[in-house]
Amino acid sequence: MQITKHKVAAIHYTLTDNEGKVLDSSSGREPLYYIHGIGNLIPGMEDGLEGKTKGDKFQIKVAPEKGYGVKEDTLIQQVPRTAFGTQEIKVGMQFQTNRGQVVTVTKVGLENITVDANHPLAGVELNFAVEVMEIREATADELSHGHVHGPGGHHH
Ligand code: ZN
């Protein structure tokens, strides 16, 4: 069986940046279960997994455009320090805006705080080392819900 649209696949993966730093890994956890072809994963991952079979081990290189997007300058903003009240602000802190957007503090100035609403992996080239553990048909329920049920998925 190959990974094609509406198959459920279980994969182990390790994600590194171009300097070899590990950003995320399923190592030591359950494999990642997903439904192929419906946008559960970033487009570059789905492209790389298409047609693979159980036991395949390979690398997928994903450009930002097919990953978490390119960095957009318009999503970087300066906010008056007073907007944060009296709490101490440090680089790397994350806040949720009124509109539900997550922003990361990238610079702390005397008057202004710079916050970035880009995804932390925006603009980053992603290198995935992948192993396909399992492939099966998705059930009708899974397709209507848009996610995997049972092991590695939702229990409801
Ligand atoms: Zn469900």
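With respect to (1) crowded, with 16+ Cβ neighbours inside 10 Å; (2) out of contact with any helix residue (DSSP H, G or I) (no Cβ under 7 Å at 6 or more places or on another chain); (3) acidic (Asp, Glu), the lone exception for Asp116 is condition (2). Which pairs do you get when a residue that is at pLDDT below 95, found in segment 128-156, comes within reach of a residue that is part of a loop (DSSP other than H, G, I, E, B) and more than 10 Å from the ligand (Cβ to nearest atom), reach meaning Cβ atoms under 6 angstrom, with the pair 6+ apart or on two chains? Final answer for the pair search is Gly152/Glu30.
Identification of strands (runs of 3 or more DSSP E) wholly contained in segment 64-140 with 1 or more residues that are among the aromatic types (Phe, Trp, Tyr) yields 94-96, 126-137. Against the criterion of being assigned by TED's automatic domain parsing to the domain that holds Thr104 and among the polar types (S, T, N, Q), Thr86 qualifies.
Which residues, counting only those in segment 1-10, are open to solvent by less than 50 Å² (accessible area, probe 1.4 Å) and either assigned to a strand (DSSP E or B) or among the hydrophobic types (A, V, I, L, M, F, W, C) (or both)? The answer is Ile3, Lys7, Val8, Ala9, Ala10.
The set of residues in segment 123-143 that are open to solvent by 30 Å² or more (accessible area, probe 1.4 Å) and near the ligand (Cβ under 8 Å from one of its atoms) contains only Asp141.
Note on segment 37-68: among residues that are open to solvent by less than 40 Å² (accessible area, probe 1.4 Å) and in contact with a Gly (Cβ under 6 Å, 6 or more places away or on another chain), the one that is farthest from Glu134 (Cα to Cα) is Pro64. Is it the case that segment 88-103 has a residue that's surrounded by 14 or more Cβ atoms within 10 Å (Cβ to Cβ), on the phi < 0 side of the Ramachandran plot and more than 20 Å from the chain's Cα centre (by Cα)? Yes: one or more hits. Each residue in segment 42-59 was checked for being of a type in the set (D, E, K, R) and not in a loop (DSSP other than H, G, I, E, B), and 3 pass.
Inside segment 11-41, residues that are touching a residue at least 40 places away in the same chain (Cβ under 8 Å), among the hydrophobic types (A, V, I, L, M, F, W, C) and part of a loop (DSSP other than H, G, I, E, B) make up a count of 1. Do we find that Pro120 is within 23 Å of Thr14 (Cβ to Cβ) and within 16 Å of the ligand (Cβ to nearest atom) in this structure? Criteria not met by Pro120.
The values are calculated or read from the model by the stated rules, or taken from the named source; none is laboratory data. Here the structure is a predicted model, which is why all the values come from computation and not from measurement. Please note: Cβ atoms are built from the backbone with ideal geometry, for glycine as well, and neighbour counts cover all protein chains shown. Ligands, DNA and RNA are stripped out before the accessible areas are found, and what is left, the full protein with its side chains, is counted by its heavy atoms. Shrake-Rupley method; radii C 1.70, N 1.55, O 1.52, S 1.80 Å.
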